[in-house]
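Working notes, beginning with the structure itself.
The values are calculated or read from the model by the stated rules, or taken from the named source; none is laboratory data. Every value quoted in this text rests on a predicted model; they were computed, and no experiment measured them. Here the Cβ is made from the backbone with ideal geometry for all residues, glycine too, and neighbour counts use every protein chain on show.
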Amino acid sequence: KRGEVPLFRAAPRELLVGAVDARWRPADRVDLGITWQGGASWTTVGRSVPEPGRVRWTSSILLVDPDRRPITLRFGWRASLPLLPGVPDTADTGEADVDLLVSLGFDEGGVWLVGTGGLGITGNPLLDGAQDDLPLLWLVAGRRWGALDVELRAGGAVATSRNPGRTGLRLSVEHRGRLLVGAGVGVGTSPAAADLWLGAWTGVSRPCRRPCGD
């Protein structure tokens, strides 16, 4: 119904999501990325429901050089478009969204702590009844042992008058090198978040042949 925000899916379901992600650093302080995401879900009665995919573009710029001081400051944005607009997907709304983020971090001796805050804008405020502005908050703590990174992440989308909060706690381990291999486990800390999250990923990293680019 136009003018109303669709309720989040209250019925229990299991969601399987796959994604392909590519990132490029055209300059020392600039990161660009594109991600495709899609999947399927299963309801409590065993029915399988395809989840239309989404395409997400990301970019960020480093405002404070971490090579000169342990404090980092980064500004970024993320834009996500559903392949089938208006159809509930892995993001539940089936609407486009844009996230504006600012991160302040500390990185010293293989230990890092990063706080991120921002605003998630879901839908077009002039056209979409599902439009909402979501406060976003994350806190990340990590430790590096050689090529192994261990990271704990807490936070997510804060509740608003139109939508419930989606916050959680995740622990991930990743081996970094030319071949990236990682796995993680998480739990939801709000009713609308996933009760349990399990993830695994792999990828390849190619070093730059030039100071900037590749």
- Message: Quick check on segment 119-132: of everything there that is in a strand (DSSP E or B) and at pLDDT below 85, which residue is farthest from the chain's Cα centre (by Cα)?
- Response: Asp132
- When (1) farther than 25 Å from Gly53 by Cβ; (2) aliphatic (A, V, I, L, M); (3) modelled with pLDDT under 90 are applied to Leu137, the one that fails is (3)
- Pairs, please: C-beta under 7 Å, at least 6 apart or cross-chain, first residue within 13 Å of Gly184 (Cα to Cα) and in segment 137-154, second part of a strand (DSSP E or B) and of a type in the set (S, T, N, Q)? Glu151/Ser172
- Starting from segment 46-66, keep only residues that are closer than 12 Å to Ala19 by Cα, then list their pairs with residues that are modelled with pLDDT of 90 or more and of a type in the set (S, T, N, Q) whose Cβ atoms are within a distance under 8 Å, requiring at least 6 positions of separation or different chains. Val55/Thr35; Arg56/Thr35
- Query: Inside segment 133-214, counting only strands (runs of 3 or more DSSP E) that do not spill past its ends, which hold 2 or more residues that are farther than 25 Å from Gly115 by Cβ?
  - Reply: 179-188, 196-204
- Task: Report whether or not Ser60 is at pLDDT 90 or above, within 27 Å of Ala141 (Cα to Cα), small (Gly, Ala, Ser) and surrounded by 15 or more Cβ atoms within 10 Å (Cβ to Cβ).
- Result: yes
